[in-house]
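Contents: one structure, followed by commentary.
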Amino acid sequence: MSDSRDESPLPESAQSEAASEHGMSRRQLLRHAGWFGSAVVLTVAGGEVVSHIAHDRDGAAAASATADANALRFVQVSDSHIGFQGPANTDVTGSFSEALDQINTLGFRPDFVMHTGDLTHLSTPAQFDQVQQMLGGVRAGRVFTVPGEHDSVGDAGKAYRQRFGAGTTGDGWYSFDTHGVHFIALVNTLSLEKLGHLGQDQIDFVRKDVAGLNSDTPIVVFSHIPLFAMYPQWGWSTDDALQVLALFKRFSSVTCLNGHVHQLFSKTEGNITFHSATTTAYPLPAPGHGPAPTPQTLPAGRLKSALGIRTVTYRRGTAALALTDQRLV
């Protein structure tokens with residue numbers, strides 16, 4: 001595995017620059033847009049992609065957590081797009097079902113499963129019914145979700161929240177703790193112009209949420225749209241994310257997991273590591289490859305190699321989370 005890292009933390013000016021209208025100056029946007037060219041190159045073997053969130057000295061400890069019965073183990077699945085119809089995947093229900101079967105045959109019961117958005121394609125009642133029923137068959141401690149923009153079509157996420165928003169705050173954001181890790185689930189898909197957007201109420205929620213945490217508490221943040229400027233030209237960024245990221249500067253380990261882009265991508269800056277997940281529906285082009293992020297039709301037999309799930313393991317006493325991205329092959 002080859003790892004390209006920026007050893008410097010977020011710039012000291014981040015908080016003041018984040019006070020602009022959308023929290024990200026043009027200079028910062030352009031600087032962070034350059035991240036795509038210096039991505040972590042992940043190792044692929046046997047249909048799995050393995051990465052460690054931490055410096056190499058922590059990697060062995062993280063890997064050993066797989067065999068630790070007391071370790072936290074959860075699964076991220078994303079972008080099932082139930083209801084999509086097109087040549088890129090003529091059976092998204094079938095591929096999502098395969099992904100859920102893969103979760104159920106991991107050899108362990110995950111503490112929870114997180115779906116990071118675009119559960120449905122058009123937010124219809126029938127699509128929400130179907131995905132809710134399918135997620136109900138997952139053998140895990142709990143199932144969590146965050147909405148994608150496809151889950152908020154025409155109603156600002158009202159139908160989504162009626163199905164999946166119990167116990168959440170505002171437009172559906174929330175946090176929880178388990179195994180010594182603090183998790184935050186954000187909603188950045190409801191005020192879209194081009195980029196994702198959090199809004200001041202949600203930023204204030206995060207500020208209060210982390211205020212009482214010790215700085216050595218591992219933080220994991222879920223969102224649909226990336227919290228870094230992966231490719232702003234296609235809307236693959238969140239315009240006020242730096243206001244939230246500034247709140248995490250004092251923590252030793254922060255991991256941000258997102259969907260939306262339908263492909264694996266990783267970047268570390270300072271104490272924060274960003275990981276985009278693949279999809280269970282259809283691939284999108286790499287940033288800049290083509291005029292727009294439209295569904296890609298792959299040659300026969302190759303679709304499943306672009307789809308998959310992610311397992312994450314954490315063992316108390318280490319500074320690392322271990323990620324394994326498994327293809328549906």
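For the range 116-131, a residue qualifies if it is of a type in the set (G, A, S) and at positive phi, and the qualifying residues are G117, S123. For the range 203-229, filtered to residues that are in contact with a helix residue (DSSP H, G or I) (Cβ under 8 Å, 6 or more places away or on another chain) and part of a helix (DSSP H, G or I), the residue that is farthest from Y314 (Cα to Cα) is I203. Filtered by the rule that a residue be assigned to a strand (DSSP E or B) and within 26 Å of L186 (Cα to Cα), the range 87-117 gives F112, V113, M114, H115.
Name the residues in the range 153-200 that are under 18 Å from G235 (Cβ atoms), open to solvent by 20 Å² or more (accessible area, probe 1.4 Å) and not hydrophobic (A, V, I, L, M, F, W, C), would you?
Of all residues in the range 153-200, those under 18 Å from G235 (Cβ atoms) come to 153, 156-157, 186-199.
Adding the requirement that they be open to solvent by 20 Å² or more (accessible area, probe 1.4 Å) leaves 153, 156, 190-195, 197.
Answer for the range 153-200, where residues must be under 18 Å from G235 (Cβ atoms), open to solvent by 20 Å² or more (accessible area, probe 1.4 Å) and not hydrophobic (A, V, I, L, M, F, W, C): S191, E193, K194, H197.
For the range 77-86, the criterion of being modelled with pLDDT of 95 or more, more than 30 Å from G317 (Cα to Cα) and in a strand (DSSP E or B) is satisfied by at least one residue.
Could you say whether any residue in the range 294-301 is part of a loop (DSSP other than H, G, I, E, B) and under 17 Å from S78 (Cβ atoms)? Steps first, please.
Our first condition is that a residue be part of a loop (DSSP other than H, G, I, E, B); within the range 294-301, this holds for 294-301.
Now restrict to residues that are under 17 Å from S78 (Cβ atoms): 295-296.
Yes, the range 294-301 contains at least one residue that is part of a loop (DSSP other than H, G, I, E, B) and under 17 Å from S78 (Cβ atoms).
Among the residues of the range 230-264, those that are in a strand (DSSP E or B) and open to solvent by less than 10 Å² (accessible area, probe 1.4 Å) comprise W236, T238, V254, T255, C256, L257, N258.
Note on the range 127-152: residues that are over 24 Å from V261 (Cβ atoms) and open to solvent by less than 20 Å² (accessible area, probe 1.4 Å) total 1.
The values are calculated or read from the model by the stated rules, or taken from the named source; none is laboratory data. Just so it is clear, the structure is predicted and the values come from calculations on it, not from any experiment. Here Cβ is always computed from backbone atoms with ideal geometry, including for glycine, and neighbour counts include all displayed protein chains. Heavy atoms of the whole protein, side chains included, go into the accessibility calculation; ligands, DNA and RNA do not. Shrake-Rupley method; radii C 1.70, N 1.55, O 1.52, S 1.80 Å.
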